[in-house]
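Chemist: This is the structure, below, for whatever I ask next.
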Amino acid sequence: IVTSFQPNLLVGKSVLITAGPTFEPIDPVRGITNLSSGKMGYAIARAAREAGADVTLVSGPTALDAPYGVHRIGVQTAEQMHDVVMSRIAAQHVFIAVAAVADWRVKNASAQKIKKDADGKSPTLEFEENADILAAVAALDKPPYCVGFAAESENLIEFGEAKRKKKNIPLLVGNIGPQTFGRDDNELMLFDEKGHLPLPHADKQTLARQLIAEIAQRLPD
Ligand code: CTP
Ligand code: CA
């Protein structure tokens with residue numbers, strides 16, 4: 001574990017980060033989202049910038065300010081996040097997928113606000129799967145160094161290793177602990193081809209700096 005933060009670790013590198021939740025519309029005034037606050041992704045963007053990288057942050061709706069010196073692009077849906085990422089990925093050295101991307105979008109979203117039915121009948125939502133952004137980036141001809149996140153509720157080590165392999169990425173970060181969403185602290189477990197490495201409980205900015213140092217160490221020259 002690299003405990004002290006070294007600046008300039010990522011000078012000359014471009015880093016693209018996704019963060020926050022996505023929002024999938026049901027109609028013009030309603031939608032489906034999740035409890036991601038964006039705090040971990042924003043802390044990583046800040047740490048990457050501190051390390052000298054050129055940082056782009058593709059963010060779903062959050063209450064956070066863009067970190068100083070970071071180029072933020074706001075999106076709502078998983079599809080928009082996918083399109084923005086894919087249009088900018090070619091120039092990147094590192095891709096860090098921190099966003100809690102909706103796995104499904106509403107297939108029968110309504111262009112008009114859905115009105116209550118006179119007979120009291122409830123609307124039925126149909127879903128279709130969203131593209132997996134991280135998998136799409138990892139499958140590119142010349143992918144950047146890809147880092148994924150996972151929040152597993154059980155069997156973290158087994159599921160973490162399996163998810164890293166399934167996504168075909170060199171580094172996967174597991175959120176440990178009960179409920180990380182919205183909190184200022186966290187506890188992480190890194191999975192790479194050599195095994196797993198814990199980053200013990202700390203505030204998210206400290207963990208973000210440690211993660212950036214771990215990523216910098218693993219980049220090809
Ligand atoms: N991810 C992504 N695009 C998606 C879904 C997930 O880029 N459509 C990324 C997340 O940002 C995260 C990683 O994939 O870095 C793992 O997300 P997770 O939800 O844990 O995995 P899934 O593959 O969606 O599997 P499941 O939710 O069924 O566990
Ligand atoms: Ca998922």
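Chemist: Restricting to the stretch 145-168, and then to whatever is within 21 Å of G20 (Cα to Cα) and either away from ligand 2 (no atom under 16 Å from the Cβ) or hydrophobic (A, V, I, L, M, F, W, C) (or both), can you tell me which residue is surrounded by the most Cβ atoms within 10 Å (Cβ to Cβ)?
Modeler: Top of the filtered list is V147.
Chemist: Can you work out which of the residues in the stretch 18-35 that are in a strand (DSSP E or B) and not small (G, A, S) is surrounded by the most Cβ atoms within 10 Å (Cβ to Cβ)?
Modeler: Per the criteria, the residue is T18.
Chemist: Can I ask one more? So is A135 of a type in the set (A, V, I, L, M, F, W, C), within 21 Å of P21 (Cβ to Cβ), surrounded by 14 or more Cβ atoms within 10 Å (Cβ to Cβ) and within 8 Å of ligand 1 (Cβ to nearest atom) or not?
Modeler: Here the answer is yes, as A135 does meet what is asked.
Chemist: Hey, among the residues in the stretch 82-132 that are assigned to a strand (DSSP E or B) and aliphatic (A, V, I, L, M), which one's nearest to L211 (Cα to Cα)?
Modeler: Looking at the filtered set, the residue picked out is I96.
Chemist: Being more than 16 Å from the chain's Cα centre (by Cα) and free of Cβ contacts under 8 Å to residues at least 40 places away in the same chain is the requirement here; does D54 meet it?
Modeler: When the stated conditions are applied, D54 does not pass them.
Chemist: Return the total of residues in the stretch 36-76 being crowded, with 23+ Cβ neighbours inside 10 Å, among the hydroxyl-bearing types (S, T, Y) and not in a strand (DSSP E or B).
Modeler: Of the residues in the stretch 36-76, 2 are crowded, with 23+ Cβ neighbours inside 10 Å, among the hydroxyl-bearing types (S, T, Y) and not in a strand (DSSP E or B).
Chemist: Identify the residue in the stretch 43-95 that is among the basic types (K, R) and touching a Phe, Trp or Tyr at 6+ places or on another chain (Cβ under 8 Å) and, among all such residues, is nearest to P143 (Cα to Cα).
Modeler: It comes out as R49.
Chemist: I would also like to ask the following. With respect to E128, is the statement that it is within 16 Å of ligand 2 (Cβ to nearest atom), farther than 30 Å from A216 by Cβ and over 17 Å from the mean Cα position of the chain (by Cα) true?
Modeler: yes
Chemist: Given F181, F149, which one is under 16 Å from K39 (Cβ atoms), within 16 Å of the chain's Cα centre (by Cα) and in a loop (DSSP other than H, G, I, E, B)?
Modeler: Exactly one of F181, F149 is under 16 Å from K39 (Cβ atoms), within 16 Å of the chain's Cα centre (by Cα) and in a loop (DSSP other than H, G, I, E, B), namely F181.
Chemist: Any residue at all in the stretch 10-19 that is hydrophobic (A, V, I, L, M, F, W, C) and farther than 27 Å from D185 by Cβ?
Modeler: yes
No value in this document is a laboratory result; all are computed from the given coordinates. Quick caveat: nothing in here was measured; it's all calculated off a predicted structure. As a convention, Cβ positions derive from the backbone with ideal geometry for all residues, glycine included, and neighbour counts pool all protein chains shown.
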